[in-house]
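These notes concern the structure reproduced below.
The values are calculated or read from the model by the stated rules, or taken from the named source; none is laboratory data. From a predicted model like this one, the values you see are computed outputs, not experimental measurements. Positions of Cβ are backbone-derived with ideal geometry, glycine not excepted, and every protein chain shown enters the neighbour counts.
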Amino acid sequence: DPSYFNSCNKDGTTPLFAAVQETGCRATPSYMELISYMLEKGAHPDSSACSGVYPLDVAVEKNNLEVVKALLKANANPNTSTRRGVGNTPLISAVANKNKVMVRTLLDAGADVNLPRSRGNGDSPLHIASRNFDKDMVQLLLERKANPSQVNKEYSLPLHIAASAIQSTSILNMLLAVPSVAKDVCVADQLGRSPLHYAVIAKSNHKKDVLVEHDLLILEAGADVNAVDGMGRVALHYVFGIQALSSPWAFPHCGNVLPYDPIEDVTKLTSVAGARVDIADKDGRTPLMM
């Protein structure tokens, strides 16, 4: 009787969910046999626990490919969002785990490559891969038609994330190589900051030889060097004044000494890119006053 396998105990857990939850990264033959038996006898593959977590969520989180394949074969929905935490989809969990085989399996089963988290900041799989500095995953997602122009709930693009991380030059290049991304170099997030703002902020917080390309790459892609953020600041403000900024997105460091010599970047932004030094922010300060 299928109803037996789909009934819940007092905790709201079905037999199938309990069996999947007990497996590790590899199901023992006995557990795999039990899971397959329940699915064959009519256990619903999307029977969730009272917490709103599905068997597929658990199997993906545990990196248990064998169980994932069994659930998908039984028509488990690869596009559910767990009600736990930030609302990951199975695909997002696989991306977060840096499991490319799992990602391919889910995509082949119909997982939406652009479906974001249902809560939290609303990151898409491509946002997550960019945050993880996982260039191979970024490449895989782009090959499977991930949308690099998709913003999260903070209006951030994967491009904002890649621009702000010293480990992400290769990812930045991948994103900028997508023809549709050319228009995104001027997109502002909820703080009004463009990818160029973040590239300059990141650069001015690290040694000169660590991050030498991000701002130049973004400028070459067509960024507006005089775009102002929510504080009325252009990128040039951040070259001089990163340590003085109070924004939670500026990365302050101890002391009052810049970790690199900004002269080269000032020259690049003003002489080459045409940055203006007379634009005042909301506090009335020009870049030279920072």
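Side notes on the structure shown:
- On the stretch given as the stretch 260-284, residues that are at pLDDT 70 or above, part of a loop (DSSP other than H, G, I, E, B) and crowded, with 16+ Cβ neighbours inside 10 Å total 4.
- Meets criteria (surrounded by 24 or more Cβ atoms within 10 Å (Cβ to Cβ), outside the structural domain of Pro15 (by TED's automatic domain parsing), under 28 Å from Gly12 (Cα atoms) and within 18 Å of the chain's Cα centre (by Cα)) for Ile92: yes
- Boolean, His197 is farther than 23 Å from Pro116 by Cα, crowded, with 19+ Cβ neighbours inside 10 Å and either not assigned by TED's automatic domain parsing to the domain that holds Lys268 or not hydrophobic (A, V, I, L, M, F, W, C) (or both): yes
- Residue count, the stretch 24-49 (criterion: part of a loop (DSSP other than H, G, I, E, B) and within 17 Å of Phe5 (Cβ to Cβ)): 9
- Any hit, the stretch 130-141, residues being of a type in the set (Gly, Ala, Ser) and out of contact with any helix residue (DSSP H, G or I) (no Cβ under 7 Å at 6 or more places or on another chain): no
- Residue within the stretch 62-75 that is surrounded by 21 or more Cβ atoms within 10 Å (Cβ to Cβ) and touching a Pro at 6+ places or on another chain (Cβ under 7 Å) present: yes
- Criterion violated by Thr14 - all others in (1) surrounded by 18 or more Cβ atoms within 10 Å (Cβ to Cβ); (2) modelled with pLDDT of 90 or more satisfied: (2)
- Flag for Asp209 being charged (D, E, K, R) and either at pLDDT 75 or above or assigned to a helix (DSSP H, G or I) (or both): no
- From the list Ala18, Ala59, Ala96, the lone residue that is among the hydrophobic types (A, V, I, L, M, F, W, C) and out of contact with any helix residue (DSSP H, G or I) (no Cβ under 9 Å at 6 or more places or on another chain) is Ala18.
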